[in-house]
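What follows draws every value from the coordinates through simple rules; no lab data is involved. Every value quoted in this text rests on a predicted model; they were computed, and no experiment measured them. Cβ: placed from backbone, ideal geometry, glycine included. Neighbour counts: every protein chain shown.
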Amino acid sequence: MPEQKLEKIDILVVDDDAISLKMAEKMLGEEYSLVTATSGEKALEMLKIYEPRLILLDFMMPGMDGTQTMDRIRENPAWEKIPIVILTAVNTPEAEQEFFRKGAADFITKPFVPMTMKSRVRHILDLYSLQKDMEGKLEEKTRFAEQVSLNSIMAIAHTIDAKDAYTSGHSMRVAKCAAEIARKLGWSEEEIRNIYHIGLLHDIGKIGVPDSILNKPSRLSDEEFAQIKKHPVIGGEILKNIHMIRGVADGALYHHERYDGKGYPNGLKGEEIPLCARIIAIADTYDAMTSNRIYRAKLPDPKVVAEFERCRGTQFDPKLTDLFIGMLNEGFHIPQEHRRHSEPEITAKSDENGAYLKRVLTEYSSVKTDTDHLTGLYNRSYGETKVGNLLEEGHKGALVTLNLDDFKTINDTYGHLMGDKVLKIFAGVLSGSVSDKEVAFRLSGDEFVLFFTDLVQRNEIEERVHGIMEKFVKCMDAISFHDAARLSVGIALSPADGKEFGILYINADKALYHVKRSGKNALSFFRDAQTSTAVRNPDMDLDHIRLMLEGRMDSGTGAFKVPYEELKNLYTYLSRCVKRKGQMVQTLLFTLGNEGREYLDNAVYEEAMSTLEVAAAYSLRMVDVGSRYSSLQYIVILVDTNLENGKMVAERVINQFYKIYSGSSIALSYDIQTMVVNNVGAGEEKNSEFSKNS
């Protein structure tokens with residue numbers, strides 16, 4: 001009889017609860033092909049008919065439960081590599097450890113959150129599709145493993161270490177330490193070279209871990225640590241066909257196992273752990289303790305010895321620990337030249353091998369991550385998803401939007417490299433200012449978002465935000481950018497200002513732009529922005545403009561900070577006009593507002609501002625000049641005009657505005673001031689104003 005060809009599908013869902021099956025079908029059925037089974041026994045029968053890319057398996061089922069079903073699946077060579085995601089209402093560290101020990105790729109808690117389920121299923125399918133493709137490519141290159149050169153291996157080690165800004169040279173130091181332990185054990189030179197190469201490649205699985213997690217300066221969340229814990233499995237998969245280096249896959253796969261059986265990924269115990277992995281575990285920990293990290297300085301030698309003594313027989317092989325403590329007491333250390341290393345060149349002889357390995361690493365690295373490539377924070381998509389999930393789970397909180405004031409000035413004046421540096425510094429401040437249950441992500445450009453989970457007290461939120469602002473100032477002072485550390489911050493509270501991310505963001509953004517209109521470098525809550533007037537003090541506005549253009553303002557203060565070229569050119573033009581004997585120049589500042597006190601959408605104000613620009617163009621002479629001051633204010637310069645004529649022009653502009661404008665209720669007012677530059681001019685008059693409301 002010919003072998004039956006299995007039908008390929010995306011997902012097999014196994015759950016004894018009919019409601020859970022229906023929910024899974026509803027959430028995933030439109031995007032994926034799936035079949036369902038109501039028991040472990042039926043799942044095994046389905047696997048004889050279908051070939052799924054992923055199995056969603058309920059943990060608690062009558063008869064054959066999830067653990068037993070997983071064991072049966074893993075016993076069959078045809079099924080053992082199908083990724084399994086556990087469906088469970090049990091969410092404890094012990095249960096999580098059991099899931100991963102049994103070989104689960106991930107788990108999803110009940111009741112299902114649609115966004116979470118879709119995101120995790122998509123991530124697992126993407127990852128395992130890539131892995132399957134990589135396995136095929138590795139099988140086609142089995143002979144490649146016999147030809148890998150030392151230069152190629154070192155290049156890989158450098159690539160891995162380069163992902164982690166705080167552990168540069170780590171793989172080479174671990175390799176050196178492991179080789180010295182092997183030498184102390186009396187191994188042959190060939191065996192010593194072999195474990196040196198194992199040490200170089202022990203962390204290759206980190207190529208599949210997002211850089212933002214590797215470089216996170218604060219404590220990892222449970223979710224982030226779960227991703228870190230996958231790197232031994234990824235490393236073992238990449239290296240499983242490399243036979244020239246004996247045990248290299250074991251070194252990568254098992255170097256985080258513990259002698260007492262409490263390690264990962266498989267919970268091996270004692271001498272079940274391969275000897276090479278037990279040696280690498282000691283060398284790995286030694287380098288971690290004797291290297292400076294962002295969260296602590298390296299440990300002194302006595303403390304290192306004390307730690308190994310404390311962990312003897314629990315984390316580490318007791319015999320190897322005794323041997324290594326003896327080495328430390330005899331003065332063993334990693335020579336200074338092994339603390340740093342430059343990227344090795346791949347020789348011509350190994351060009352083909354190096355190119356292939358580079359392609360392998362590139363493809364593993366290209367798995368879609370959740371991070372922003374520049375700052376290392378979550379990207380917009382993932383950040384919105386995380387906040388959305390927290391809100392769907394019933395959490396309250398504060399959504400905070402943060403914008404760097406006058407950031408364009410930095411890019412234009414000092415270049416985009418310095419601008420990128422400032423963004424990274426600010427991202428580091430944010431990353432260090434949130435707890436595990438909170439979210440920080442880059443929205444776009446110089447705008448960032450925080451979500452303070454379960455925090456709704458205004459005074460506490462203000463204290464947190466002011467702390468961020470002060471910390472950023474200190475960081476910028478350290479690089480002599482004293483005037484670049486200014487932030488505009490908008491805050492919306494959930495559920496008071498919205499229960500969904502989209503609504504909260506819109507309202508926080510309105511509060512942020514209220515700050516922008518009111519002078520920047522401050523914070524505002526959405527409810528405050530709603531009830532406050534949008535009009536600033538007219539005299540302060542005009543003096544603000546005049547002082548800025550004359551260059552007497554403090555650097556970095558106010559909206560008219562260079563390099564706004566249009567305003568610099570405008571000032572040059574005005575200076576010449578004012579200095580002409582007998583000529584007067586009037587400055588008009590039109591301001592859009594809303595007397596109804598309800599907060600209008602930004603799009604309404606933008607439409608009104610566009611109309612105002614058209615009205616001004618129709619009403620002004622060719623020698624007059626107009627320019628936006630802010631999203632709600634427009635400057636008009638009237639050349640060779642006295643104060644009374646200036647008022648007439650203002651009335652003409654306002655009348656023209658209301659002839660054209662057909663949108664929501666908007667109030668348009670103005671103030672006027674005689675222009676004075678360097679004490680040259682015909683004096684000034686203030687507070688002469690006209691206003692008209694729709």
Legend entry - Neighbour-count order for Phe451, Phe225, fewest beta carbons within 10 angstrom listed first: Phe225, Phe451
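How big is the equivalent ellipsoid of the stretch 380-531 along its three axes, where each semi-axis is √(5λ) from the Cα gyration tensor, reported in whole Å from largest to smallest? Mind dumping the intermediate values first?
Values: eigenvalues 129, 53, 38 Å².
Its equivalent ellipsoid spans semi-axes of 25, 16, 14 Å.
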Inset, instruction - Under 1.5 on a/c is rounded, so check that first for the stretch 7-136, then, if it is not, pick prolate when a/b is larger than b/c and oblate when it is not; a ≥ b ≥ c are the square roots of the alpha carbon gyration tensor eigenvalues. - result: rounded
Inset, instruction - For the stretch 1-78, go through all pairs of different Cα atoms, get the mean of 1/r, take its inverse, and jot down that Kirkwood value in Å. - result: 12.9
Legend entry - For the stretch 223-330, alpha-carbon Rg and Dmax in angstrom: 14.5, 41
Legend entry - Per-residue ³J(HN,Hα) for the stretch 304-315, Karplus 6.51 cos²θ - 1.76 cosθ + 1.60, θ = phi - 60°, Hz, x for Gly and Pro: 4, 4, 4, 5, 5, 5, 5, 9, 5, x, 9, 7
